[in-house]
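Taking it in order: structure first as structure tokens, then the write-up.
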Amino acid sequence: QVQLVESGGGLVQAGGSLRLSCAASGRTLGRYSVAWFRQAPGKEREFAAVIGWVGGNTFYADSVKGRFTISRANAKDTVFLQMNSLKPEDTAVYYCAAGPFLRLTSRADEYNYWGQGTQVTVAS
């Protein structure tokens, strides 16, 4: 079992930055692909970014590409999401998710483990 805990959310002005962290316990993340998803009020959960465990390959949703950067510190079993140039439409609860596979997938139903989420609010 893998337990995931997100942190780093908060309130920020449009154009500002936040860095989210996803810390794992119970099992190392070293052989998992880890993704960030987000869910805004009244909307479906959507994919934001994913990082693989081989070579740190990454894939981003078009809506965040060029503004968000996903990275991982395997020695600390932690994955980060650096979010720059934030927009009000980035307001959502952000979740990290992990799956024991190599591929980079944006499908939420493929991930086995999920955190509780952290709220990000971007004020205009």
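Just to verify a result, which residue in the range 91-104, among those that are of a type outside the set (Gly, Ala, Ser) and at pLDDT 95 or above, is surrounded by the most Cβ atoms within 10 Å (Cβ to Cβ)? Per the stated criteria, the residue is Cys96. Pick out the one residue from Gly52, Gly66 that is open to solvent by 30 Å² or more (accessible area, probe 1.4 Å) and small (Gly, Ala, Ser). The match here is Gly66.
Of all the listed residues (Leu11, Leu4, Leu20), the sole one being part of a strand (DSSP E or B) and over 19 Å from Ala98 (Cβ atoms) is Leu11. The residue that is nearest to Ser85 (Cα to Cα), among those in the range 23-32 that are part of a strand (DSSP E or B) and open to solvent by 30 Å² or more (accessible area, probe 1.4 Å), is Ala23. Counting only strands (runs of 3 or more DSSP E) that fall entirely inside the range 61-124 and contain at least 2 residues that are in contact with a Phe, Trp or Tyr (Cβ under 6 Å, 6 or more places away or on another chain), the qualifying elements are 78-83, 92-99, 118-123. Restricting the search to the range 8-30, which residues are under 13 Å from the mean Cα position of the chain (by Cα) and at positive phi? The answer is Gly8, and nothing else.
Per the conditions (1) out of contact with any helix residue (DSSP H, G or I) (no Cβ under 7 Å at 6 or more places or on another chain); (2) touching a residue at least 24 places away in the same chain (Cβ under 8 Å), the sole criterion not satisfied by Gly42 is (2). Within the range 17-32, at least one residue is modelled with pLDDT of 95 or more and over 14 Å from Tyr94 (Cα atoms). The residue pairs whose first member lies in the range 74-90 and is closer than 26 Å to Trp53 by Cα and modelled with pLDDT of 95 or more, whose second member is of a type in the set (Gly, Ala, Ser) and open to solvent by 30 Å² or more (accessible area, probe 1.4 Å), and whose beta carbons are closer than 7 Å, counting only pairs six or more residues apart or on different chains, are Phe80/Ser71; Met83/Ser17; Asn84/Ser17.
So, of the residues in the range 33-49 that are crowded, with 16+ Cβ neighbours inside 10 Å and among the small types (Gly, Ala, Ser), which turns out to be modelled with the lowest pLDDT? Among those residues, the one meeting the criterion is Ser33.
The values are calculated or read from the model by the stated rules, or taken from the named source; none is laboratory data. Since we're looking at a predicted model, the values are computed, not measured. Cβ sites come from the backbone with ideal geometry, for glycine too, and all protein chains shown count toward neighbours. The accessibility values were calculated without ligands, DNA or RNA, using every heavy atom of the protein model including side chains. Shrake-Rupley method; radii C 1.70, N 1.55, O 1.52, S 1.80 Å.
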